[in-house]
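Working notes for the structure below.
The values are calculated or read from the model by the stated rules, or taken from the named source; none is laboratory data. All of these numbers come straight from a predicted model, not from anything done at the bench. Glycine also receives a Cβ, built like all others from the backbone with ideal geometry; neighbour counts cover every protein chain displayed. Heavy atoms of the whole protein, side chains included, go into the accessibility calculation; ligands, DNA and RNA do not. Shrake-Rupley method; radii C 1.70, N 1.55, O 1.52, S 1.80 Å.
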Amino acid sequence: ALLTGRSAIDVAPAQLQTFLNPALHFPLYLMFRYAGPEVTIAVIGAAQAAQGVLLYLLADELTDGRFRRGPWLLLIAALGLAGPVFLNQLGSSQGDTLLSALVLAALLVVVRELKRGNETQTVRSGLLAGLLLGLAMAFKLTFATYVIGLGLASLVCFGGRRRWKMTFGLVAGGVVGLALVGGPWYWHQWTQWGNPLLPYFNNLFQSPWVGPSSYRDLRFMPSGTLEWIFYPFVWFLDATRVWEYRFRDIRVPLALLAAFVLPLVFRRRLREDMPALPLVCLFVVVSYLLWLRVFSIYRYLSVVELLAPMVLFCTAVLLTNRTRWLLVCMVLLGLTQFGVKYLRPASSDLFRPDAPSVLGQLDPGSMVVIDGYEPLGYNALWLDDRVPIVRIRANFMADAEPRHDLHRLADRRVREHGGPLYLLMHEREHDAPFREDDLARVGLAEPAQDSCIEVFREARLQEKTGALLCPLQRKSVGAR
């Protein structure tokens, strides 16, 4: 939208996600648009897979190089890249398993600095780690849990003057990273909407454009004391409690349990054999507790999932010094992969910018209206950039009568439009109960069911997307 000028004519086509920082998606969009999906998938997949190197190096640091010979660390890295979130997002642009690389790199920098034992480079290491964390948070705010998690873990695990040098470095580097990537977007949001994080945290910023809410997604929060305490095992039994996709992975619940217990039970042993493991455990614990309190959306645990096999491997090393029993533990850890369950989102090799679509034939004086909650903003790829998309119902504006300025703006744009109007909807919302009242509010009649046509001409692509386009008519004067 920023590159084509659509941001000036569209209204919330991607619901509240319209207002997220687009910095991560600039290169992904350009690759998809001009190099095609094959190149895009290859580049994203390579960047995701490269995290195996970081996992290998982290495991090597935690175990002081004792397992460089043999397949041990390679197995840990491979298992780290084989969890449900990683496999679900492999080659995709959501970012949870892309930006996790920045967090893993920051963790590696801090772990190495902790093991170095002198303060000559502590500030420099802190600045580098903080910069990486700040960048991750700027690209995607949900990574704030890991920023705080690593900051608190470093504050506890470093001692003396190094503690404050590392803290200073992390804070300073984090501010720089956040400002570099997030600053321009936050300023744009502030000057245009009065809230740099619109619509989030509007209970604090009080922008008139949206409601006075934090707009947190609370669908997956635990309920009751027992669930708050044992939530990892709750979602292991019922995965729908924390994610839209069904999945299973016992390693994350076990690793969280180990991260809580190890620093308490093996305190002395850790100081002697694995001095950096308490920092990793504390990082995992704090990040998880913040995630539990703020999100409880499983894919935001991407970094914990990547680290889970490593934490379990270190646990096995602490439990036994005998090669035979360690081998048994590693075989059992490897077998857990057969219990991993995950689903991939719907995809198609036909989804590309030049796919034939009826959207490309709309007159430049037309307007596309979205009324519902399905993700349909991607259809702007096939529209003439003079054809606006205006959403009159979204996941952050669902009032029967508009109460805030952005909703009023959307309704006004539709009412005042003088050219042809079309309803874009997903087939799942064909008979949505709110449709008639929403359209009547902006002076439109509900389209006849037999007037809707499929958006894509290729049958398999249409089956995957389910998008329909329906011509709209103005209601006659005096009709409700």
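Residues of the stretch 197-236 that are surrounded by fewer than 18 Cβ atoms within 10 Å (Cβ to Cβ) and among the polar types (S, T, N, Q): ASN203, GLN206, SER213, SER214, SER223, THR225.
Scanning the stretch 114-142 for residues that are within 18 Å of LEU54 (Cα to Cα) and out of contact with any Phe, Trp or Tyr (no Cβ under 8 Å at 6 or more places or on another chain), we see that the one that is surrounded by the fewest Cβ atoms within 10 Å (Cβ to Cβ) is LYS115. Scoring TYR378 on the criteria (1) closer than 20 Å to LEU3 by Cα; (2) in contact with a helix residue (DSSP H, G or I) (Cβ under 6 Å, 6 or more places away or on another chain); (3) of a type in the set (Ser, Thr, Tyr) leaves a single failure, condition (2).
Residues in the stretch 410-440 that are more than 18 Å from GLU454 (Cα to Cα), touching a strand residue (DSSP E or B) at 6+ places or on another chain (Cβ under 6 Å) and of a type in the set (A, V, I, L, M, F, W, C): ALA410, VAL414. Cβ-Cβ contacts under 7 Å between residues 6 or more apart (or on different chains), taken from a first residue in the stretch 323-340 that is within 19 Å of PHE67 (Cβ to Cβ) and part of a helix (DSSP H, G or I) to a second residue that is aromatic (Phe, Trp, Tyr) and open to solvent by less than 30 Å² (accessible area, probe 1.4 Å), are listed as LEU333/PHE313.
Mind checking which residues of the stretch 143-165 are farther than 12 Å from SER287 by Cβ, open to solvent by less than 20 Å² (accessible area, probe 1.4 Å) and aromatic (Phe, Trp, Tyr)? The answer is PHE158, and nothing else. Hey, can you tell me all the residues within the stretch 393-405 that are of a type outside the set (Gly, Ala, Ser), outside any loop (DSSP other than H, G, I, E, B) and within 25 Å of the chain's Cα centre (by Cα)? Residues satisfying the conditions are ARG393, MET397.
Show me the helices (runs of 4 or more DSSP H) entirely contained within the stretch 1-88 in which 2 or more residues are within 26 Å of PHE247 (Cα to Cα).
On the way: elements: 25-34, 37-49, 51-62, 72-80.
Once the helices (runs of 4 or more DSSP H) in the stretch 1-88 are filtered for at least 2 residues that are within 26 Å of PHE247 (Cα to Cα), what remains is 37-49, 51-62, 72-80.
Only one of the numbered conditions (1) modelled with pLDDT of 95 or more; (2) open to solvent by 40 Å² or more (accessible area, probe 1.4 Å); (3) more than 30 Å from PRO278 (Cα to Cα) is violated by ALA49, and that is (3).
Of all residues in the stretch 181-196 being in contact with a helix residue (DSSP H, G or I) (Cβ under 7 Å, 6 or more places away or on another chain) and open to solvent by 20 Å² or more (accessible area, probe 1.4 Å), which is nearest to VAL103 (Cα to Cα)? Once the filter is applied, the top-ranked residue is VAL181.
Kindly indicate which of ARG415, ARG460 is part of a helix (DSSP H, G or I), open to solvent by 80 Å² or more (accessible area, probe 1.4 Å) and modelled with pLDDT of 95 or more.
Details: ARG460 fails: modelled with pLDDT of 95 or more.
Testing whether each residue is part of a helix (DSSP H, G or I), open to solvent by 80 Å² or more (accessible area, probe 1.4 Å) and modelled with pLDDT of 95 or more leaves just ARG415.
Screening VAL43 with (1) surrounded by 14 or more Cβ atoms within 10 Å (Cβ to Cβ); (2) among the β-branched types (Val, Ile, Thr); (3) over 21 Å from the mean Cα position of the chain (by Cα) gives one miss only, at (3). Considering only residues of the stretch 239-281 that are closer than 17 Å to VAL110 by Cα and open to solvent by 50 Å² or more (accessible area, probe 1.4 Å), which is modelled with the highest pLDDT? Only one residue tops the list, namely PRO275. Contact map, the stretch 214-232: residues that are charged (D, E, K, R) paired with residues that are assigned to a loop (DSSP other than H, G, I, E, B), Cβ distance under 7 Å, separation 6+ or inter-chain. Pairs shown: ASP217/ILE297.
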